[in-house]
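Trainee: Input: one structure, supplied below.
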Amino acid sequence: MPSLSKTESVARPNVGLVDLGTLRQCGPVLLRLIVGYGFIMHGYAKFARGPETFAVVLHTLGVPMPFLFAWLTTLVELIGGFAILIGAFVPIVSGPLAVVLLAALFTIHLRYGLFSVKLVQVTDSGTKFGTVGYEIILLYLASLATLVLGGPGPLSVDQWRSSRRVITGVEEYLVVRSAVPLVIPSIRPTRTPG
């Protein structure tokens, strides 16, 4: 069996005209677009109504410093959502976004059960839905975890940043952060005179 060099790639399976390897790369992009847009819209809704309106909700729930946390939540959703959307600093912004999601899960949604869509009534004037459970919170958390563990995919700032790095890890520490230049001895066969 012939071995592959670093420049060769494993053959990707094709189904008809679709290259599944290329199609798989679209997964993180779709997650980023949906999750990023969702966070932006939630943050924008809080901002448009005024964070002080959301602060009243937080005060009712017994959250300390509701005005501060209303602004922080709004900014985390807006800025974090935009960062997820463009795939920038995904592991870093996912932390604060997850905190916002967990806070919503435990303070509001947990008591309403899993299901996010609860049909209450269908009338001539339309459909009425009940309280929102924590199903969507779990989907957002799973999506963030997937992006952190699997990477933001193509067309992302993080991918562009990682392709621009020349030196990483220990070498970066020794070269960039240290005044001592990195010396890597070369191993050469020694010849004996003779």
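Trainee: I need the calculated FRET efficiency for the pair ASP19 and ILE79, taking r as the beta carbon distance and R₀ as 25 Å, to the nearest 0.05.
Mentor: Taking R0 as 25 Å, the efficiency between ASP19 and ILE79 is 0.10.
Trainee: So what's the net charge close to LEU119: Lys and Arg +1, Asp and Glu -1, counting the other residues with Cβ under 15 Å from its Cβ?
Mentor: Net local charge, LEU119 excluded: +1.
Trainee: How would you order 66-75, 154-163 from highest to lowest mean count of nearby Cβ atoms within 10 Å?
Mentor: Ranking, from highest mean packing down: 66-75, 154-163.
Trainee: Hey, another quick one. Please label the shape of the range 60-129 as rounded, prolate or oblate, based on the square roots a ≥ b ≥ c of the eigenvalues of the alpha-carbon gyration tensor (a/c under 1.5 means rounded; beyond that, a/b larger than b/c means prolate, else oblate).
Mentor: Judged from the Cα gyration tensor, the range 60-129 comes out prolate (a/c at least 1.5, a/b above b/c).
Trainee: What list of whole percents do you get for P(r) of the range 82-171, with Cα-Cα distances grouped in 10 Å bins up to the one holding the largest distance?
Mentor: With a bin width of 10 Å, the distribution comes to 15, 31, 25, 17, 9, 3, 1.
Trainee: Evaluate the relative contact order of the range 14-72 (contact order divided by residue number), counting alpha-carbon pairs under 8 angstrom at least 6 apart; express in whole percent.
Mentor: Contact order relative to length: 21 percent.
Trainee: So what's the net charge close to LEU101: Lys and Arg +1, Asp and Glu -1, counting the other residues with Cβ under 14 Å from its Cβ?
Mentor: Net charge around LEU101: -2.
Trainee: Check ASP19: other-chain or 5+ apart residues with amide H under 5 Å from its amide H, H built from backbone geometry?
Mentor: Residues meeting the amide H criterion: none.
Trainee: Related question: Based on the mean of other beta carbon atoms within 10 Å per residue, what is the order of 92-103, 51-62, most packed first?
Mentor: Result, highest mean first: 92-103, 51-62.
Trainee: How much length is gained if the chain between LEU102 and GLU52 is pulled fully straight, taking 0.36 nm per residue apart and subtracting their Cα-Cα distance, in nm to one decimal?
Mentor: 15.9 nm
Here, each number is a calculation from the coordinates, and none is a lab measurement. This is a predicted model, so every value here is computed, not measured. As a convention, Cβ positions derive from the backbone with ideal geometry for all residues, glycine included, and neighbour counts pool all protein chains shown.
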